[in-house]
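Worksheet: one structure, shown below.
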Amino acid sequence: SRNGGKSWQETAPEIQSPILSLVAFEDDMLVATESGQVLRVSPENDAITTLFESDNAINALARSPKNQLAILDDATILVSHDSGQSWAPTHTQVEDATTLTWATKKMIIVGNLNGVLATVFVD
């Protein structure tokens, strides 16, 4: 929607995998998929760019207030400080995690339906 939700149009119909997480990023949307992709969808020109690929589902995606990104690739948390151009794993493995969020510019909280599983500090 470009008018506050009064009308809607389909974008990126070629994304065939179930979408597990969405994040607004600049004027685009970042999409995490069950097939292991993080995609940047630009509605302005209908472009889709692959930012990350994995053999695992990307269960969660989060953006910090400083536009850092974090993804949950199975039990591995990866972080990007350059808009998804490169990704670095954190030193923490978290089993059974389903969600993550930035708490501060250097801290990510990881959880599932039962609560918080870990607090991860980012370099």
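The values are calculated or read from the model by the stated rules, or taken from the named source; none is laboratory data. Since we're looking at a predicted model, the values are computed, not measured. Every residue, glycine among them, receives a Cβ derived from its backbone with ideal geometry; neighbour counts consider all protein chains shown. We work out accessible area using only protein heavy atoms, side chains counted, and drop any ligands, DNA or RNA first. Shrake-Rupley method; radii C 1.70, N 1.55, O 1.52, S 1.80 Å.
When the alpha carbon gyration tensor of segment 6-91 is reduced to an equivalent ellipsoid, its three semi-axes come out at 21, 15, 10 angstrom, largest first.
Using r as the Cβ-Cβ distance of ILE48 and HIS91, and R0 as 25 Å, what FRET efficiency do you calculate, to the nearest 0.05? Display every interim value, and only then the final one.
Values: r = 32 Å, r/R0 = 1.27.
My answer for the efficiency is 0.20.
Couplings 3J(HN,Hα) for segment 54-66, derived from phi with the Karplus relation 6.51 cos²θ - 1.76 cosθ + 1.60 (θ = phi - 60°), are 9, 7, 10, 5, 8, 6, 8, 9, 9, 10, 7, x, 9 Hz, where x marks Gly and Pro. Return the distance in nm (one decimal) between the two label points of a simple spin-label model at THR119 and ASP82, each offset 7 Å from Cα along Cα→Cβ. Using points 7 Å along Cα→Cβ, the separation is 3.1 nm. Annotation: per residue accessible area for the chain equals 59 Å², rounded to a whole number [probe 1.4 Å, protein chains only].
At q = 0.20, 0.21, 0.29 Å⁻¹, what log₁₀ I(q)/I(0) does a Debye calculation on the Cα points of segment 67-113 give, no solvent, two decimals? Rounded to two decimals, the profile gives -0.61, -0.67, -1.18.
Once neighbouring chains are kept in place and the probe is 1.4 Å, which whole percent of the accessible area of segment 41-123 is contributed by carbon and sulfur? Write out the running numbers ahead of the final one.
Details: 2160 of 4680 Å².
C and S atoms contribute 46 percent here.
Charge dipole (Cα centre; +1 on Lys/Arg Cβ, -1 on Asp/Glu Cβ; no other charges) of segment 19-88 amounts to roughly 240 debye.
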